Amino acid sequence: MRFPISLTASMTTYLIKKKLFSKGKFPLVLMLEITHKCNLNCDGCGRIREYRETLNNFVSFEDCMLSAEECDSPVVTVTGGEPLLHPDIDKIIAGLIEKKKHIYMCTNGVILKQSLDKFKPNAAFNINVHLDGLAETHDAIVGQKGVFETATAAIAAAKQKGFRVCTNTTVYKNTDIKELKALFSLLDSLGVDGILVSPGFSFEDNDNDVFMSKKETNERFLSIFEMSKQFKIISSPLYLRFLKGERDLLCTPWGNPTRNFHGWKSPCYMLTDKHCKTFKELIETTDWEKFRNRKDERCKNCMVHCGVEPTVVLEGSKRLPDLIEMAKWNLS
């Protein structure tokens, strides 16, 4: 299966309850940015520039737990920056597991191997390592030699210790499809439990930078869609069809709300117009339709998974062919 039975059951139960008893908008995944501090300087990351004044600040353990209660989503993505730099990362992960959350801890892998003893393998705990290509390409993107070798060694060590490990790959304008296939083959040989793949995001016109236009995204993901039949890619087939231009899907920006040191980030994981003090304030004061329909100029080329995958989850059961495709994909 692409996802553990326990996660599928938790999400299904949650959706049924929300659709029966909730009249408003509800989240699916909490993006918990516990720090923006990082040990790398990646080309495609805006966090270390956007939050440069507060890079050394951390979300406290208490606020992490309160955020998980405010936003009662069954899944929590613990991210950054580099979350392993947080002094209480082990306590945060243990606390979220105690709250019966399914966790994806995102890391660049640089200090993962020496950090593994802080955690215990658990079916609800997934380590997610970011890799954007093979050694030469990935090291160039992150701006430091040896990172790819260190990260893949950490993946192997984590799998040997019994952890669930996934990877996350961002596709850019200069991404080589043949290299991606070689990367996915390597990750498959390491025994990774899932491969997430998504286009990068840029606020600007994409003609002169590393990010793709919609047309370029459509072209690249024709091949990646075919790869999903060979490798355990956990980007859903409906999302991949959207990326290759076959489907038109709206954005669900409230599906993956972000909580960081400044508060609840509005309107979404990619865009920052303001920070709200509470999750309730975020939901009630954001002009969701403006972003759902991509009326904001910054959204014109956005096709990232954190906005569209929630749409797939919420609307993927409305058409029988989609429901059958999603079921077959998850079972494969």
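Residue check: is Cys276 surrounded by 14 or more Cβ atoms within 10 Å (Cβ to Cβ) and modelled with pLDDT under 95? Criteria not met by Cys276. In the range 220-243, the residues that are in a loop (DSSP other than H, G, I, E, B) form Cβ pairs under 8 Å with partners that are of a type in the set (D, E, K, R) and at pLDDT 95 or above, at six or more places apart or across chains, as follows: Phe231/Asp188; Lys232/Asp188; Lys232/Asp193; Ser235/Glu309; Ser236/Glu309. For the range 62-114, the candidate set comprises residues that are charged (D, E, K, R) and touching a Pro at 6+ places or on another chain (Cβ under 9 Å); within that set, the residue that is nearest to Pro257 (Cα to Cα) is Asp72. Do we find that Asp72 is surrounded by 14 or more Cβ atoms within 10 Å (Cβ to Cβ), acidic (Asp, Glu) and part of a helix (DSSP H, G or I) in this structure? For Asp72, the condition - surrounded by 14 or more Cβ atoms within 10 Å (Cβ to Cβ), acidic (Asp, Glu) and part of a helix (DSSP H, G or I) - is not met. Within the range 144-185, the set of residues being touching a strand residue (DSSP E or B) at 6+ places or on another chain (Cβ under 8 Å), surrounded by fewer than 21 Cβ atoms within 10 Å (Cβ to Cβ), without any contact (Cβ under 8 Å) to a residue 60 or more places away in the chain and not in a loop (DSSP other than H, G, I, E, B) comprises just one member, Lys159. Within the range 7-27, being in a helix (DSSP H, G or I) and closer than 16 Å to Asn256 by Cα holds for Met11, Tyr14, Leu15, Lys18. Can you confirm whether Asn218 is more than 23 Å from His130 (Cβ to Cβ) and not aromatic (Phe, Trp, Tyr)? Yes: the conditions hold for Asn218.
If you check Leu183, Leu85, Leu112 for being modelled with pLDDT of 95 or more and farther than 20 Å from Lys37 by Cβ, only one passes: Leu183.
Of all the residues in the range 293-310, those that are of a type outside the set (A, V, I, L, M) and crowded, with 19+ Cβ neighbours inside 10 Å number 8.
The number of residues in the range 250-268 being outside any strand (DSSP E or B) and closer than 22 Å to Arg52 by Cβ comes to 3. When the residues of the range 1-27 are narrowed to those that are of a type in the set (Gly, Ala, Ser) and surrounded by 11 or more Cβ atoms within 10 Å (Cβ to Cβ), which ends up nearest to Glu70 (Cα to Cα)? Here the answer is Ser10.
Quick check: anything in the range 249-266 aliphatic (A, V, I, L, M) and buried (at least 20 other Cβ atoms within 10 Å of the Cβ)? No, that holds for no residue. For the range 84-122, filtering for residues that are in contact with a Lys or Arg (Cβ under 7 Å, 6 or more places away or on another chain), aliphatic (A, V, I, L, M) and more than 20 Å from Cys64 (Cα to Cα) leaves 1.
No other residue among Lys113, Lys91 is surrounded by fewer than 19 Cβ atoms within 10 Å (Cβ to Cβ), touching a residue at least 40 places away in the same chain (Cβ under 8 Å) and part of a helix (DSSP H, G or I) apart from Lys113. Of all residues in the range 269-321, those being over 18 Å from Thr170 (Cα atoms) and assigned to a helix (DSSP H, G or I) number 22. Pairs please, first residue from the range 246-265 and over 14 Å from Cys71 (Cβ atoms), second anywhere and basic (Lys, Arg), Cβ atoms under 6 Å, 6+ apart in sequence or on different chains. Close Cβ pairs (under 6 Å, with a partner that is basic (Lys, Arg)) amount to Arg247/Arg241; Leu250/Arg292; Cys251/Arg292.
Would a scan of the range 287-301 turn up a residue that is in contact with a helix residue (DSSP H, G or I) (Cβ under 9 Å, 6 or more places away or on another chain), within 20 Å of Leu32 (Cα to Cα) and touching a residue at least 12 places away in the same chain (Cβ under 8 Å)? No, that holds for no residue. When the criteria are applied in full, Lys100 fails the requirement of being surrounded by fewer than 20 Cβ atoms within 10 Å (Cβ to Cβ), outside any loop (DSSP other than H, G, I, E, B), of a type outside the set (Asp, Glu) and in contact (Cβ under 8 Å) with a residue 24 or more places away in the chain. Filtered by the rule that a residue be out of contact with any Gly (no Cβ under 6 Å at 6 or more places or on another chain) and not charged (D, E, K, R), the range 162-177 gives Gly162, Phe163, Val165, Thr167, Asn168, Thr169, Val171, Asn174, Thr175, Ile177.
The values are calculated or read from the model by the stated rules, or taken from the named source; none is laboratory data. Since we're looking at a predicted model, the values are computed, not measured. Heads up, the Cβs are rebuilt from the backbone with ideal geometry, glycines too, and the neighbour counts pull from every protein chain shown.
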